[in-house]
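Reading through the structure tokens given below for one structure.
The values are calculated or read from the model by the stated rules, or taken from the named source; none is laboratory data. Note that the structure is a prediction, hence the values are computed from the model and not measured. FYI the Cβ positions are ideal-geometry reconstructions off the backbone, even for glycines, and counts take in every protein chain you see. Calculation scope for accessible area: heavy atoms of the full protein, side chains included, ligands and nucleic acids excluded. Shrake-Rupley method; radii C 1.70, N 1.55, O 1.52, S 1.80 Å.
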Amino acid sequence: GVEIVRDVNTEIKATDTIAARRLPSGDVLLTLQGEKERKKWEGSQEIVRAFGPNARVKTREFTLLAHGMRVAAINTSNQSVGINEIYTQNPGLKDKVRIVRISWAMKTIKMAKRTASLHIGVASPEQANWLIDQGILYNSELHDCELFHGDCRLTQCF
């Protein structure tokens with residue numbers, strides 16, 4: 001951790017990084033001084049350069065479920081097109097919420113369900129709360145949103 005913090009701070013010519021932890025996946029989790037520093041470096045490529053040319057920044061996301069969505073209506077394999085379609089049908093959403101990712105549960109795909117809950121990753125808890133309050137309009141239907149708790153997945157044994 002000490003070497004990673006030193007290398008990152010040397011690369012960015014600042015002392016904003018205060019801790020680093022290598023995750024079992026091989027990813028590195030950086031801790032910055034505070035919210036101001038996180039926002040300052042979030043979109044910057046300088047921190048990425050400290051890790052090499054193939055590195056990328058993955059921001060924390062808050063996942064919601066949008067219930068009752070037609071699976072055939074949204075292609076989640078092309079993230080930018082799917083996210084753009086949500087913004088197109090919800091014009092007021094673009095200024096308030098930054099959608100990071102959309103996906104279907106693996107069970108939805110395997111069972112070829114017609115309707116399911118769409119997983120929507122947003123950038124902040126405030127944005128998640130806004131979607132929970134407002135819902136999402138898609139194909140002229142208003143879909144309720146709720147917070148997704150990943151630790152509540154059930155494992156069924158036989």
Going residue by residue through the range 92-99, is there one that turns out to be over 28 Å from V28 (Cα atoms) and surrounded by 15 or more Cβ atoms within 10 Å (Cβ to Cβ)? yes
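Could you please give the count of residues in the range 41-57 that are assigned to a loop (DSSP other than H, G, I, E, B), out of contact with any strand residue (DSSP E or B) (no Cβ under 8 Å at 6 or more places or on another chain) and either of a type in the set (D, E) or at negative phi (or both)?
9
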Checklist entry - Quick one: would you say L137 is open to solvent by less than 30 Å² (accessible area, probe 1.4 Å) and either part of a loop (DSSP other than H, G, I, E, B) or touching a residue at least 12 places away in the same chain (Cβ under 8 Å) (or both)? => result no
### Query
Within the bounds of the range 58-69, is there any residue that is in contact with a Gly (Cβ under 6 Å, 6 or more places away or on another chain), assigned to a strand (DSSP E or B) and over 13 Å from Q127 (Cβ atoms)?
no
(request) Look at G52 and say whether it is closer than 30 Å to G26 by Cα, of a type in the set (G, A, S) and crowded, with 17+ Cβ neighbours inside 10 Å. (result) no
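Quick check on A20: is it in contact with a strand residue (DSSP E or B) (Cβ under 9 Å, 6 or more places away or on another chain), among the small types (G, A, S), outside any loop (DSSP other than H, G, I, E, B) and at pLDDT 80 or above?
Yes: the conditions hold for A20.
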Check your understanding: If we scan the range 33-40, do we find a residue that is basic (K, R), surrounded by 12 or more Cβ atoms within 10 Å (Cβ to Cβ), part of a helix (DSSP H, G or I) and free of Cβ contacts under 8 Å to residues at least 60 places away in the same chain?
Key -> yes
Within the bounds of the range 87-95, is there any residue that is outside any helix (DSSP H, G or I) and of a type in the set (G, A, S)?
-> no
The number of residues in the range 103-131 that are open to solvent by 60 Å² or more (accessible area, probe 1.4 Å) and outside any helix (DSSP H, G or I) is 5
